[in-house]
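Worksheet for the structure shown next.
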Amino acid sequence: MTPTQPILPAEQIRAGDAPLMSPAVLRPSTDIFARRAARLLQLADGHAMADFLRLCAAICQQQQALHDASRLDPRAALEKLAQALAPQLPAPVQASLDALLALDAAALSRLAEHLINGDYPADGPLFAALPLLGAALQAQATRSIRQRPLPEPQSQEARCPCCGGLPLASQLLRGDSGHAQRYVVCSMCSHAWPVGRVRCLSCGNSRDLSYYSLAAQDHVPAAPDHQQPHQERSAREVEACGECHGALKQISLLLDAGAEAGADDLASLALDLLAGEAGFARIGFNPLFLPGREPA
């Protein structure tokens, strides 16, 4: 007889404790940054933060060039970004970038190591240019990890099994069984690993979770329909945990096939603001948007 797996209770299957049957890790497309740039430009039309999204699109286009080039150290990658983006950078960002590039190799390396873990100076002369350093690191990590064998992740990991990076956002895809499969996109190497469909990535809670999305002020929710429980769900939501008060963006490609986790996350920063005001702290980060410290 061959070994068998026990049948797990439905609660454990939904929470992600069942053995993984889907591909262990999804590699990003080779043109991920170009696709992200195109999505940002699409989302910028009519958006309240159109200029910001267009600048992010320009950064992503240069990230694609870095990704396609030979491996560069962080300083060389940052210098290429600086040269290509100079005409589009606001004066304060350019001044901050000049200060960043003036750091010696050891100081820049330390700053990069901290930034990978979401730890950075939230004010001071370097702050405005840190997203560009994050962009360079992201392009480098995506290229580097692509060349390695894919790992076999556990059923629920809070950090990327490929590079140890923090989450950027989660995304819903159509799984092998036809049901929604949830993956978490890494903030650094852009690979995505499978996790439980309804489960807090930070603490594992699967009961006290709420989902928030943006709606027009005059929006009137439809009456609950048990036959179509997701009809009022949004393609961009925040999953908020009532246990640890962590929050993670969730992007549904089932509801919007054109969605892209990195771009749609940047286009829905208002959700992060509202979640923060409600007492929830973001799990992970997006290297292209680093919140600053509020003035005293």
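The values are calculated or read from the model by the stated rules, or taken from the named source; none is laboratory data. Since this is a predicted model, take the numbers as computed values, not measurements. Because the Cβ atoms are built from the backbone with ideal geometry, glycine has one as well, and the counts that use them run over all protein chains shown. Quick note on the areas: whole protein, heavy atoms, side chains included, nothing else; ligands and nucleic acids left out. Shrake-Rupley method; radii C 1.70, N 1.55, O 1.52, S 1.80 Å.
Only one of the listed residues (Ala112, Ala128, Ala106) is part of a helix (DSSP H, G or I) and either closer than 16 Å to Ala86 by Cα or among the acidic types (Asp, Glu) (or both). That residue is Ala128. If the condition is being in contact (Cβ under 8 Å) with a residue 60 or more places away in the chain and open to solvent by less than 50 Å² (accessible area, probe 1.4 Å), then the range 45-56 contributes Leu53, Cys56. When the range 129-157 is filtered for residues that are closer than 30 Å to Leu89 by Cα and without any contact (Cβ under 8 Å) to a residue 40 or more places away in the chain, only Ala129 remains.
Residues being over 15 Å from the mean Cα position of the chain (by Cα) and within 28 Å of Asp31 (Cβ to Cβ) are entirely absent from the range 272-281. Considering the conditions (1) at pLDDT below 95; (2) under 15 Å from Arg27 (Cα atoms); (3) buried (at least 22 other Cβ atoms within 10 Å of the Cβ), Gln147 is excluded by exactly one of them, (3). Selection of the range 243-280 for residues being part of a loop (DSSP other than H, G, I, E, B) and polar (S, T, N, Q) yields only Ser268.
Selection of first residues in the range 81-93 that are touching a residue at least 60 places away in the same chain (Cβ under 8 Å) and closer than 16 Å to His67 by Cα and of second residues that are open to solvent by 80 Å² or more (accessible area, probe 1.4 Å) and basic (Lys, Arg), restricted to Cβ pairs under 8 Å at least 6 apart or on distinct chains, gives an empty result.
Considering Leu85, Leu72, the condition of being assigned to a loop (DSSP other than H, G, I, E, B) and either among the hydrophobic types (A, V, I, L, M, F, W, C) or touching an Asp or Glu at 6+ places or on another chain (Cβ under 9 Å) (or both) is satisfied by Leu72 alone.
Across the range 281-296, the number of residues qualifying as touching a helix residue (DSSP H, G or I) at 6+ places or on another chain (Cβ under 9 Å) and assigned to a loop (DSSP other than H, G, I, E, B) comes to 7.
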